[in-house]
Structures are given as structure tokens and as C-alpha cells.
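Before any comments, here is the structure.
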Amino acid sequence: MEIVAANPVLAVRDLQASAEWYRQVLACEATEVDSGNWVFCRSGSVQFMLGRCPDTPPASEIGDHSYVAYLEVDDIHAYYARAKDAGAQISKELRREPWGRDEFGIRSPDGHRFMVAGRNLPQ
């Protein structure tokens, strides 16, 4: 028995603007599954399920609970450059951590926080 996937379900205020951020910053392909209410954004095996919730407090107001995922990527430097070029809010600059991973942090327009890490593992 095992969990075979995890797909974050995220409340967003502006569905189209958020979907565009996931497209530009995380190289996702967006699919509108319920017009005006849900957009699913996929990159590799991860699908971010964005639901329009204009009256819900944004993730930026819930402090440490706004962390969503630790994303492992195939090319950390390319993702970092893409995030910078797209004007993403970088919450932690790219650096090698003591546990051996290259990581950086980003924040979505709604305040959802992600750590993005290279696949390099500690030796």
C-alpha cells in the first residue's frame, strides 16, 4: 500500500491571474475544468488544482500554514532563472543547504509558498 500522487488543492482569488503565474513560473500547462471556478495546472507528475475563492482570506494571511509543497525539479538553475525572469516573488534565494540540496523559495500571488529543490541528494 502506498500513496501514488499528491496534488495540492489551492484557494485563489483571481483564477486566471493565478493560472498564468503557474504557467509562467512553474512551466505548468493549464486546463480549465469548470469555467470560472477551477483550473488545473500540471507540470510533470504534479497537478495544482486552483479553485476560485474570492471571499476566502488569502494564503498570505495564514503565516507558516501558507507553505504548500517542497517541489523537486530536474534543473534547479533553469527553474530559478525562469522564476526570476517571470518576476516571481523570491522568498529565499537559491543556495546549497547543509543537507546537500540546492533550494530556493517562491510565493504565489495568493501567498502560497513553495520550496523548489534540485534533485541532488546529500552524499
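Here are some notes:
- Cross-chain or 6+ apart pairs with Cβ under 6 Å, the range 32-54 first and on the phi < 0 side of the Ramachandran plot, then assigned to a loop (DSSP other than H, G, I, E, B) and among the hydrophobic types (A, V, I, L, M, F, W, C): Cys41/Cys28; Arg42/Cys28; Ser43/Ala27; Ser43/Cys28
- Segments classed as strands (runs of 3 or more DSSP E), wholly inside the range 36-123, with at least 1 members that are loosely packed, with under 13 Cβ neighbours inside 10 Å: 67-73, 89-96
- Neighbours by Cβ (under 6 Å, 6+ apart or cross-chain): first from the range 94-120, free of Cβ contacts under 8 Å to residues at least 12 places away in the same chain; second outside any loop (DSSP other than H, G, I, E, B): Arg96/Asp102; Glu97/Glu103
- Among residues of the range 1-35 being of a type in the set (Ser, Thr, Tyr) and touching a strand residue (DSSP E or B) at 6+ places or on another chain (Cβ under 9 Å), the one that is surrounded by the fewest Cβ atoms within 10 Å (Cβ to Cβ) is Thr31.
- Tabulated pairs, the range 11-24, first touching a residue at least 40 places away in the same chain (Cβ under 8 Å), second in a helix (DSSP H, G or I), C-beta under 8 angstrom, 6+ apart or interchain: Ala11/Ala59; Val12/Ser18; Gln24/Arg82
- Given (1) over 23 Å from Val4 (Cβ atoms); (2) modelled with pLDDT under 95, index of the condition Ser45 fails: (1)
The values are calculated or read from the model by the stated rules, or taken from the named source; none is laboratory data. These numbers were taken from a predicted model, which means no experiment stands behind them. All Cβ positions, glycine included, derive from the backbone under ideal geometry; neighbour counts span all protein chains shown.
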